[in-house]
Amino acid sequence: MITDVHTHLFSCPHDFSEDFLGEAQHAHGGEIDLTVRHHEYAASAPPGTRTVVFGGKARRSGLWVDDRAVADYVQGKPDAIGFLALDPTVPGWSDELRYGHQELGLRGIKLMPMYAGFDPGDAAYDELFWYAEKHGLPVLVHTGTTFVSTAPIEWARPARLDPVAIRHPELRMILAHLGHPYEGECIAVIRKHRHVYADVSALHYRPFQLWHSLRLAQDYGVWHKLLFGSDYPFTTVDASVDGLRRLAGLPGIEGLGGLDRDEVEALITRDACALLGLT
Ligand SMILES: [Zn+2]
């Protein structure tokens, strides 16, 4: 069974500013409809796929999805697990955290530090991570590049989560997109912290970089820290699985073997819920 740890819930254009949508369209080659409909997601994933779903909050970049929309979306769907989202630069975030967790029953937290404009490693945000650690809420953090021109890349560096993991050793954390294109830095972080993982979402359409990154993960012996994710609606589960299997079939280069096919299959079917305490 597949567990997709990285999918969004968006309603277009309601959840976005004009600037955000304009840059998203530019990056994706024209008009895109980011509105998520469950039947379309299900049609592009194998039956029984388990899905982590979140919206996203980043006032500075013009993105805001109400957590209630996520709670409504996952209701009655036993295979869907809803996460709340937070922008800790906006007053009231701590109430939203408690409301999303205690009233809406959402089970993890999505953060977008670069989009929201904060340094996740800054101890000023420790209350958030302390709450997540105490209540067993996994935190999925966007790391790596973006199409939003005003979002500071520095705060998307995987190494900014190292001090968080040092201060909160029991916190389950997922660094999104393997930190692309800082995969080496991401591997350094997930390798040293027992409960820090990376997802491989939204990477298969850059096949050279993904092959290289997975080969690097293989060299460092961190296959078991990689989780499957799609980044729906930007791509689908089926396309992501196909992309990973295509890379697994590549022969490698002279003197250097390819990817371990069994490890690629294990990644695709890894039980992320058990690892994240979401059973
Ligand atoms: Zn995403």
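The values are calculated or read from the model by the stated rules, or taken from the named source; none is laboratory data. Small disclaimer: the values here were computed from a predicted structure and weren't measured. Note: ideal-geometry Cβ built from the backbone for every residue, glycine included; neighbour counts use all protein chains shown. When the accessible area is computed, the model is the full protein with side chains, heavy atoms only, and any ligands, DNA or RNA have been set aside. Shrake-Rupley method; radii C 1.70, N 1.55, O 1.52, S 1.80 Å.
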With θ taken as phi - 60° and the coefficients 6.51, -1.76 and 1.60, list the Karplus ³J(HN,Hα) couplings across segment 188-203 in order, rounded to whole Hz; mark glycine and proline as x. 4, 6, 5, 5, 8, 10, 4, 10, 10, 10, 10, 9, 10, 5, 6, 10
Where a label projected 7 Å from the Cα of Glu263 along Cα→Cβ would reach, residues of segment 214-233 with amide N under 19 Å: 214-229
Angle in degrees between helix 18-27 and the longest Cα principal axis of the chain, rounded to the nearest 10: 10
Interchain or sequence-distant (5+) residues whose placed amide H lies within less than 5 Å of the amide H of Ser201 are His177, Leu178, Gly229
Rounded Å value of the spacing that divides the Cα centres of segment 137-190 and segment 59-134: 16
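Decide, for segment 126-223, between rounded, prolate and oblate: order the square roots of the alpha carbon gyration tensor eigenvalues as a ≥ b ≥ c, take rounded if a/c falls under 1.5, and otherwise choose prolate if a/b is larger than b/c, else oblate.
Values: a/c = 2.15, a/b = 1.37, b/c = 1.57.
Since a/c reaches 1.5 but b/c is at least a/b, the shape of segment 126-223 is classed as oblate.
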State the three equivalent ellipsoid semi-axes of segment 3-276, derived from the C-alpha gyration tensor as the square roots of 5 times its eigenvalues, in descending order and whole Å. 27, 21, 19
Everything considered on the Cα gyration tensor (a ≥ b ≥ c; rounded for a/c under 1.5, else prolate if a/b is larger than b/c, else oblate), segment 5-86 must be described as oblate
Karplus-derived 3J(HN,Hα) from phi for segment 235-250 (6.51 cos²θ - 1.76 cosθ + 1.60, θ = phi - 60°), whole Hz, x at Gly and Pro, runs 7, 10, 5, 4, 5, 5, 5, 4, x, 5, 5, 4, 5, 5, x, 6
Using the structure shown, select from Lys57/Lys192; Lys77/Lys192; Lys134/Lys192; Lys110/Lys225 the pairs with a Cα to Cα distance greater than 24 angstrom. Lys57/Lys192; Lys77/Lys192
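Can you pull the percent of the chain's accessible area that's carbon plus sulfur, 1.4 Å probe, other chains left in place?
That fraction is 51 percent.
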Accessible area per residue, 1.4 Å probe, Å², for segment 3-276: what's the number? 42
